[in-house]
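Take this structure, written in structure tokens, and hold onto it; I'll ask about it next.
Every number here is computed from the coordinates shown, using simple stated rules; none is lab data. Everything numeric in this text was worked out from a predicted model, so none of it was measured. Reconstructed Cβ throughout: ideal geometry from the backbone, glycine too, with neighbour counts over all protein chains shown.
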Amino acid sequence: MLALDPGTDSTSQTPFRMLLLRKGSEVHAFVNRCPHFGVPLAARQEQLLQQPLASLTCNVHYARFRWSDGRCESGDCEDESLISVPLTVDTDGQVHIGSPTASN
Ligand code: FES
């Protein structure tokens, strides 16, 4: 997983804004925002609760989201999803990020 820096120094308390999840050549991106209360799943990358290739868990009330599509599979926002960010990976392996859209 790679989190994009929000454009401030590394000592900032500003939460990272996006989650980039990679499995081989497959990459998924989600906004770092829990659909339950609209707060970040984790304020800092090292605080993110995750089972790589399986799930992400919100630090606040522990809703669990599927790694593959951001769908909440248990917790207070069951049947909601993280906001998916469209992206493409070009032939050089560079990731190009588009505008976020809600996925349901
Ligand atoms: S704020 Fe994420 S589960 Fe409640």
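Using amide H atoms built in the peptide plane, which far-off residues or other-chain residues are under 5 Å from L41 H to H?
Here R33, C34 satisfy the definition.
Moving on to the next point. Explain nothing, just the number: dipole magnitude of the stretch 16-90 about its Cα centre with +1 on each Lys and Arg Cβ and -1 on each Asp and Glu Cβ, in debye rounded to the nearest 20.
Details: 8 positive and 9 negative charges, 49 e Å.
The dipole magnitude comes to about 240 debye.
On to the next question. At 7 Å along Cα-to-Cβ for each site, give me the label-to-label distance between S55 and R17 in nm.
2.9
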